[in-house]
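The values are calculated or read from the model by the stated rules, or taken from the named source; none is laboratory data. Computed from a prediction, not measured in an experiment: that's the story for all the values here. Note: ideal-geometry Cβ built from the backbone for every residue, glycine included; neighbour counts use all protein chains shown.
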There are 2 protein chains.
Amino acid sequence: MKEVIIGFLGCGNVGGGVWNLLENFRKEIAHRNHLSIRVKKVLVRDVSKARSCAVPAELLTTNVEDVVSDPEISIVVEFMGGEQPATEYMLRALNAGKTVVTANKVALALNWHRLQAAAQEKNVGLYYEASVCGAIPIINVLQNSLQANRIGHMMGIINGTTNYILSRMYENGEDYKDVLGDAQRLGLAEPNPAADVEGLDAAYKLSIMASLAFHGRVPFPKVYTEGITRLTAMDISCGKEMGYVLKLLAIAKRDGNTVQVRVHPTFLPDSHPLSSVNGSFNAVYLQGHACQEMMLQGRGAGDMPTASAVVSDILRASTAEIHAHPTFSNTAEADPSLTFDDNWQCQYFLRISVEDRPGVLAKIAGWLAQENVSIAKMLQKGKADNDRVPLIIVTHAAPEKSLRKAIEAFDKDVCTVESVIRVEV
Amino acid sequence: MKEVIIGFLGCGNVGGGVWNLLENFRKEIAHRNHLSIRVKKVLVRDVSKARSCAVPAELLTTNVEDVVSDPEISIVVEFMGGEQPATEYMLRALNAGKTVVTANKVALALNWHRLQAAAQEKNVGLYYEASVCGAIPIINVLQNSLQANRIGHMMGIINGTTNYILSRMYENGEDYKDVLGDAQRLGLAEPNPAADVEGLDAAYKLSIMASLAFHGRVPFPKVYTEGITRLTAMDISCGKEMGYVLKLLAIAKRDGNTVQVRVHPTFLPDSHPLSSVNGSFNAVYLQGHACQEMMLQGRGAGDMPTASAVVSDILRASTAEIHAHPTFSNTAEADPSLTFDDNWQCQYFLRISVEDRPGVLAKIAGWLAQENVSIAKMLQKGKADNDRVPLIIVTHAAPEKSLRKAIEAFDKDVCTVESVIRVEV
């Protein structure tokens, strides 16, 4: 039996989950993997703080050197979150010849090139299954199951907080602010929810997933990001009436070497496999030229689902003879072979308040037609409060910039565009 | 760049798909994996037969020795299907020190212990991602992502032919025989459809998946198997009315060391993630104690999806330093640590023709109650042709044997049990 001695950087919910899983699964790990995993040191901010796991007090330390410089420790597992000091600590561990397992999407998305370079320099491993989508094994699948695929298309529900909020708005017609408040009370949203509701969390994850799917670095700043804060119950109910479900989607598409990466609220047909992924579940739907359509669905957060991914990385790192790394040129900048397209084509859902008089519809259709945007579906609702009538238009696929230009030409005296929401099929 | 020389056993649809994928993806494989894969010999029955892929004539051979005994060939890929001669040929390849990649569920399910023993004896690999569920990477995920999970529950739609038939019966109210005929004309069902519609295909796959999920050999004969041939449009429409969707499910459950493995038609609530997996799609839903609920969905058959899995195995086999094998005792017999339960608990859907007179319902409820089976839902339909009325009962969860015993006690003069279909939730 091989003994593997590891250290933790951080010991919050996920760290506690990993501790508990390693403890309670000790017998199975010994039997199945012929491994004994021993946690030697755990870096914390405050050794006296109460914890959800029973880490013995003598393992706790506030000195990072005890973890990253202990020659006995061969694997350092990082759960601190945030870019710094996590990145610097991981770099120190890698430079000291230790393999790093991380659950930290921010540090990885922003400093992957530095971390990978250090790992390759020292011939050690860098593992990050838990950095995206919790228990869903999307990293392993992209790296070890879909190698022979040209992935053209990847769409994911990769933020549980926003999916919980949007699922409730869809089911019950509730308002954004009310559901957000509930989610905060239930611990499903942070007191400062910006990273989730503004789409940043999803954008970090998409940067990692798209880089692996497209075999070229897709840096975080290249991801177009739009959050869910301006969505209304009215938009969702009008979409529902037309057979659409609203999701915060992370979308990566590739056509030749042109790629688009974007996170934004998106209407999907209610028959789409992603449409029935509700609550705090995550899912990634993708299409490869060989595998065709595939979807992975599961728990994208939570201490035990995330621990499941972390421990699978620890076990793989412990048995690997050679640590594999992505073979693309991993730099801070975007892969020079990729062209980033910000004028993507999709359909658009427009909610417009219009003057209720003859000829208005013809005008709107005309303004859209001037930019070659044509109308696929329309729905006119009863009178609204302000004497204007809500009109819903779903366009055929059109370039983003044409749609924006068409809308700019709308005469404000005739109609006001209340919402523009992208529609994917 | 490392050159890997491989040989094919068989060259039907899947073999042709693998040939085409290796050819068309040659540049990417060189770039991403630093590998050049060369097919040196292809065993076929008839060298003059027209093929869907452009294998050069000089590679074709009818002599298996050209593949399994060529010292240059390091990986043998098997697409022959069926237990023999595929098993013997794979054993010869393994004994000659070659790694084997197979898409053959029958040979693997029946002779896994012999194949693994030969591979371990010679320190070579045995890879079989393509043997179950086409492109869906369930083997990789069970082995390399869910190692730290106690899997309690796995339910799969793992046969595309039957899922196509049941999806159409559900959507359109069509009869089994009509849809089967269509499926045969479309090439979605074999001229002799027995292996699919009797559930054997799913049972082979479940034997493999359950062995990996439970870390103990679950031999094929231990899988209870019941097909879809006796299902009627009436059962499906009555179930639909009660909120159920009918699927041929492969089910594996574990409680302590007691396991149940079974393939049979199953009603699922229409809100279950598996209920919306339609047509020829496959999906596996599972629950682990750490990862919680997870579902993988994709193309379970077809030349390119299966080739996606085969080529991923070829690439992994080509780069592996050590070939991993399951660590459970892989014997012909069931793992002695597992107890197989054939008296599982589930809910039951009963379609009964009853005499339309007072007291009948009380009698039926009484017969069920005698075996402690209680009624969860009931639906009485209008008059049927034969003066009897269709009555649908869905029971609460009850042991299979109690339910069977209760039904035996039903008085044939009062009612006839037309269908018994298990219900999972």
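Here are the numbers for this structure:
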item: Matching option when the condition is farther than 29 Å from residue B:114 by Cβ and either assigned to a strand (DSSP E or B) or not assigned by TED's automatic domain parsing to the domain that holds residue B:110 (or both), among B:3, B:58; result: B:3
item: Filter result for residue B:290 (of a type in the set (Gly, Ala, Ser) and either within 10 Å of chain A (Cβ to nearest Cβ) or on the phi > 0 side of the Ramachandran plot (or both)); result: yes
item: Residue count for segment A:92-117, restricted to those that are in a helix (DSSP H, G or I) and either at pLDDT below 95 or under 19 Å from the mean Cα position of the chain (by Cα) (or both); result: 8
item: Residue within segment B:401-413 that is of a type in the set (S, T, N, Q) and modelled with pLDDT of 95 or more present; result: yes
item: Segment A:368-425: number of residues that are of a type outside the set (Val, Ile, Thr) and in contact (Cβ under 8 Å) with a residue 60 or more places away in the chain; result: 9
item: Count of segment A:15-41 residues which are under 16 Å from residue A:308 (Cβ atoms), assigned to a helix (DSSP H, G or I) and within 12 Å of chain B (Cβ to nearest Cβ); result: 12
item: Exclusive hit being over 24 Å from residue B:225 (Cα atoms), part of a loop (DSSP other than H, G, I, E, B) and among the hydroxyl-bearing types (Ser, Thr, Tyr), set B:331, B:327; result: B:327
item: Failed item in (1) touching a Ser or Thr at 6+ places or on another chain (Cβ under 6 Å); (2) within 14 Å of chain A (Cβ to nearest Cβ), with residue B:2 passing the rest; result: (1)
item: Tally of residues being at the interface with another protein chain (Cβ under 9 Å from one of its Cβ atoms) and buried (at least 22 other Cβ atoms within 10 Å of the Cβ) across segment B:274-284; result: 3
item: Any hit, segment A:274-292, residues being in contact with a helix residue (DSSP H, G or I) (Cβ under 8 Å, 6 or more places away or on another chain) and without any contact (Cβ under 8 Å) to a residue 40 or more places away in the chain; result: yes
item: Filter pass, residue A:369 being in a helix (DSSP H, G or I) and either more than 30 Å from residue B:294 (Cα to Cα) or outside the structural domain of residue A:22 (by TED's automatic domain parsing) (or both); result: yes
item: Checklist (1) modelled with pLDDT under 95; (2) outside any loop (DSSP other than H, G, I, E, B) applied to residue A:321, failing item; result: (2)
item: Segment A:297-320 - residue that is under 30 Å from residue B:301 (Cβ atoms) and either surrounded by fewer than 24 Cβ atoms within 10 Å (Cβ to Cβ) or basic (Lys, Arg) (or both) and, of those, nearest to the other protein chains (Cβ to nearest Cβ); result: A:299
item: Residue count for segment B:47-67, restricted to those that are among the acidic types (Asp, Glu) and either under 20 Å from residue B:303 (Cα atoms) or surrounded by 10 or more Cβ atoms within 10 Å (Cβ to Cβ) (or both); result: 2
item: Residue match in segment B:133-144 (condition: at pLDDT 95 or above, part of a helix (DSSP H, G or I) and more than 13 Å from chain A (Cβ to nearest Cβ)); result: no
item: Condition broken by residue A:187, with the remaining ones in (1) modelled with pLDDT of 95 or more; (2) at positive phi satisfied; result: (1)
item: Count - residues of segment A:321-348 that are within 14 Å of chain B (Cβ to nearest Cβ) and among the polar types (S, T, N, Q); result: 4
item: Tabulated pairs, segment B:324-347, first in contact (Cβ under 8 Å) with a residue 40 or more places away in the chain, second polar (S, T, N, Q) and surrounded by fewer than 14 Cβ atoms within 10 Å (Cβ to Cβ), C-beta under 7 angstrom, 6+ apart or interchain; result: B:335/B:329; B:337/B:257; B:338/B:257; B:339/B:257; B:339/B:258; B:341/B:258
item: Qualifying residues in segment A:325-368 (those that are surrounded by 14 or more Cβ atoms within 10 Å (Cβ to Cβ) and among the β-branched types (Val, Ile, Thr)) - the one nearest to the chain's Cα centre (by Cα); result: A:331
item: In segment B:193-207, the residues that are in a helix (DSSP H, G or I) and under 9 Å from the mean Cα position of the chain (by Cα); result: B:200, B:201, B:202, B:203, B:204, B:205, B:206, B:207
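Condition check ((1) in the same structural domain as residue B:198 (by TED's automatic domain parsing); (2) at pLDDT 95 or above; (3) within 20 Å of the chain's Cα centre (by Cα)) across all residues:
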| residue | (1), (2), (3) |
| --- | --- |
| B:121 | no, yes, no |
| B:124 | no, yes, no |
| B:152 | yes, yes, yes |
| B:155 | yes, yes, yes |
| B:158 | yes, yes, yes |
| B:169 | yes, yes, no |
